[in-house]
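S.K.: One structure, pasted below without further comment.
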């Protein structure tokens, strides 16, 4: 179970790296570690993060039923894996993993370290490669945490409750880390 959750964290960051390439901040990272960053308040960052999660939810909810199930979320993970598996051998090898972490290192924050740790945990058989199966066995951390009843589905209500809880935690922590919620 711990390995699955850890692997989930890896996949989410890899997907975030692809989605967030156009922005200076990773796609689903709600806030910087300290209270203020570049003149943007924590509340403003949380609002942007919330908007990104809602947009992601809507985009991944292919049947528009207001419920994001594991199959719908895995579709995005599969596309993210295929994009990064440059030699199309069904596994992310050391060279492909280095390219992913190098890209993350180019952005602000500690994304590269977090990503490398996630990649290491996702490698369930510890062979130095992350197979498509290992990759798809993971779910984005926000999905795992928002799934309050652990039925491998996230409803809009669960998503809203998760966002509200994260916002309350962030406000209470005053600079605490909001990592791993992409």
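Laboratory data are not the source of any read-out in this text; all were calculated from the coordinates shown. Just so you know, these numbers come straight off a predicted model, no measurement behind them. When we count neighbours, we look across all protein chains shown, and the Cβ atoms used for this are built from the backbone with ideal geometry, even at glycine.
S.K.: Once both labels are modelled 7 Å past Cα along the beta-carbon direction, what's the residue 54-residue 98 spacing in nm?
M.R.: Output for this residue pair reads 4.3 nm.
S.K.: Just to verify a number: FRET efficiency for residue 148 and residue 89, C-beta to C-beta distance, R0 = 30 Å, to 0.05?
M.R.: Details: r = 38 Å, r/R0 = 1.26.
According to the calculation, E is roughly 0.20.
S.K.: Moving on to the next point. Can you put 118, 166 in order of Cβ neighbours within 10 angstrom, beginning with the fewest?
M.R.: 166, 118
S.K.: Tell me, what are the semi-axes, in whole angstrom and largest first, of the equivalent ellipsoid of the range 52-166 as set by the roots of 5 times the Cα gyration tensor eigenvalues? Before the final figure, lay out the partial values.
M.R.: Values: eigenvalues 146, 53, 34 Å².
Gyration-tensor ellipsoid for the range 52-166: 27, 16, 13 Å.
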